[in-house]
Amino acid sequence: MAEEKKLFKVTIDNITVEVEQGTTILQAARMIGGDVAPPAMCYYTSLKGSGGKCRTCLVEVAAGSTADPRPMPKLVASCRTSVMDGMVVKNITSEKVIDARNGVVEFLLINHPLDCPICDQAGECHLQDLSYEHGKEGTRYEFPRRTFEKHSLGPYIQLHMTRCILCYRCVFVADQLTEKREHGVLDRGDHAQIATYIEKALDNDFIGNVIDVCPVGALTDRTFRFKNRVWFLKPMDAHRECSKCCGKVTLWNRGDEVYRVTARKDQWGEVKEWICNECRFDKKHTNDWVIEGPTRVNRHSVISQGHYVGAVKPKETLQEVMGGRNPRLLMDIHSVSQVNKPEVKLSELPGPATGTVFKEKTDDKKALSDKVDQATK
Ligand code: SF4
Ligand code: FES
């Protein structure tokens, strides 16, 4: 007969759960769920050795165990501390924890540029979420932020070192998923940075997963950069037969255009199954995929804004809205704004969508307006 596993009782924010021996406080808190689960910027369940770097998951241990109920003298990193039987933990019910977390966020933001309006991670950035909950309006830091020499990682991945919080997740991905790790943390202390010795080196199969695990916008998808904002896209679950990976992905569509492909994530923002570079970067057409249906997005996420799952679809044409009548005057937003020409397929541009993409069309328009000027003189 199989030996019964001993369960430990742990109480977190006044809620008691029973967990197996060896479970960390963070994992136990995630079993309870909701706000009881501390934020985690460096821990990643499927990456061995992750955790213990960012200190966002600090909690207070008010009683160590039934055998020794003394409190722990300092706040502990919940991702690296195992539960004991009878342990009592405080997360959001502890003022000390909230105060410490505010401090940690302030430190994380010391060198982080506040470039969310142009950052591709905006809308799905864990540091952005954390700053909303724990950040301050201003900074007390008086020194210039760190800057770095630009470093090319190759055709797929863009590095913005100034945004990096040195969580090491991308290093573990390269170590544990790819055949050869080509990048790492070079130098130490204030000089520590993610870099490679060999330029343009990151093209191993499965290396694209570093984009999904990066909690901030330090590593982004070069095939998607500056093409769209995530909250304008519709995530769809899709799959394909793939000889290298599970082939189960999330497509980020606008209409029929596939703007980017990512791995599917769970409620904690962690990848459920890793995907290969071919699925991520080379399969950007809907007919490459079998679409399963809309991805379930947390309703609090900005990505769920404007999506109508189960609701009545809004009317599409003006005639429908106006009870069958046609409008008297119609302005074509594309000819007025000079951008977002419907004939320009943003998802198919090889690089970022910049003003020059539309320049040709703009020149056409200028020639046309010159002609009109001459004719009316
Ligand atoms: S680049 Fe991203 S994943 Fe890598 S260490 Fe920096 S923050 Fe972490
Ligand atoms: S998640 Fe625990 S220290 Fe980073």
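The values are calculated or read from the model by the stated rules, or taken from the named source; none is laboratory data. All values reported here derive from a predicted model rather than from experimental measurement. Neighbour counts run over all protein chains shown; Cβ positions are idealised from the backbone, glycine included.
Any residue that is modelled with pLDDT of 95 or more, of a type in the set (Gly, Ala, Ser) and more than 16 Å from ligand 2 (Cβ to nearest atom) - is there at least one of those in segment 44-62? Checked against the condition, which is being modelled with pLDDT of 95 or more, of a type in the set (Gly, Ala, Ser) and more than 16 Å from ligand 2 (Cβ to nearest atom), segment 44-62 yields at least one hit.
Just a yes or no: is a residue in segment 259-279 among the polar types (S, T, N, Q), buried (at least 21 other Cβ atoms within 10 Å of the Cβ) and in a strand (DSSP E or B)? So far as segment 259-279 goes, yes, one or more of its residues are among the polar types (S, T, N, Q), buried (at least 21 other Cβ atoms within 10 Å of the Cβ) and in a strand (DSSP E or B).
Name the single residue that is surrounded by the fewest Cβ atoms within 10 Å (Cβ to Cβ) among those in segment 155-172 being within 16 Å of ligand 2 (Cβ to nearest atom) and not aromatic (Phe, Trp, Tyr). Here the answer is LEU166. When LYS180, LYS234 are screened for being assigned by TED's automatic domain parsing to the domain that holds ASP288 and more than 22 Å from LEU108 (Cα to Cα), only LYS234 passes.
Total residues in segment 19-40 satisfying the condition of being farther than 19 Å from SER94 by Cβ and within 16 Å of ligand 1 (Cβ to nearest atom): the figure is 0. Here is the figure for segment 202-227: residues that are on the phi > 0 side of the Ramachandran plot and buried (at least 19 other Cβ atoms within 10 Å of the Cβ) total 1. Within segment 134-149, is there a residue that is within 16 Å of ligand 2 (Cβ to nearest atom) and either surrounded by fewer than 16 Cβ atoms within 10 Å (Cβ to Cβ) or part of a loop (DSSP other than H, G, I, E, B) (or both)? Within segment 134-149 (the criterion being within 16 Å of ligand 2 (Cβ to nearest atom) and either surrounded by fewer than 16 Cβ atoms within 10 Å (Cβ to Cβ) or part of a loop (DSSP other than H, G, I, E, B) (or both)), the answer is no, since none of the residues qualifies.
Within 16 Å of ligand 1 (Cβ to nearest atom), over 21 Å from ILE12 (Cα atoms) and polar (S, T, N, Q) - does that describe any residue in segment 135-146? Looking through segment 135-146, none of the residues is within 16 Å of ligand 1 (Cβ to nearest atom), over 21 Å from ILE12 (Cα atoms) and polar (S, T, N, Q). Restricting attention to segment 25-43, the residues that are more than 6 Å from ligand 2 (Cβ to nearest atom), assigned to a loop (DSSP other than H, G, I, E, B) and closer than 18 Å to VAL104 by Cβ total 3. Quick check: anything in segment 44-64 acidic (Asp, Glu) and either within 16 Å of ligand 1 (Cβ to nearest atom) or loosely packed, with under 15 Cβ neighbours inside 10 Å (or both)? No, the conditions are met nowhere in segment 44-64.
So in segment 233-245, with the set limited to residues that are assigned to a loop (DSSP other than H, G, I, E, B) and touching a strand residue (DSSP E or B) at 6+ places or on another chain (Cβ under 8 Å), which one is surrounded by the most Cβ atoms within 10 Å (Cβ to Cβ)? In this case the residue turns out to be LEU233. Suppose we keep only residues that are more than 16 Å from ligand 2 (Cβ to nearest atom) and in contact (Cβ under 8 Å) with a residue 12 or more places away in the chain within segment 178-191. Which one would you say is farthest from CYS245 (Cα to Cα)? Across segment 178-191, the extreme among qualifying residues is ASP190.
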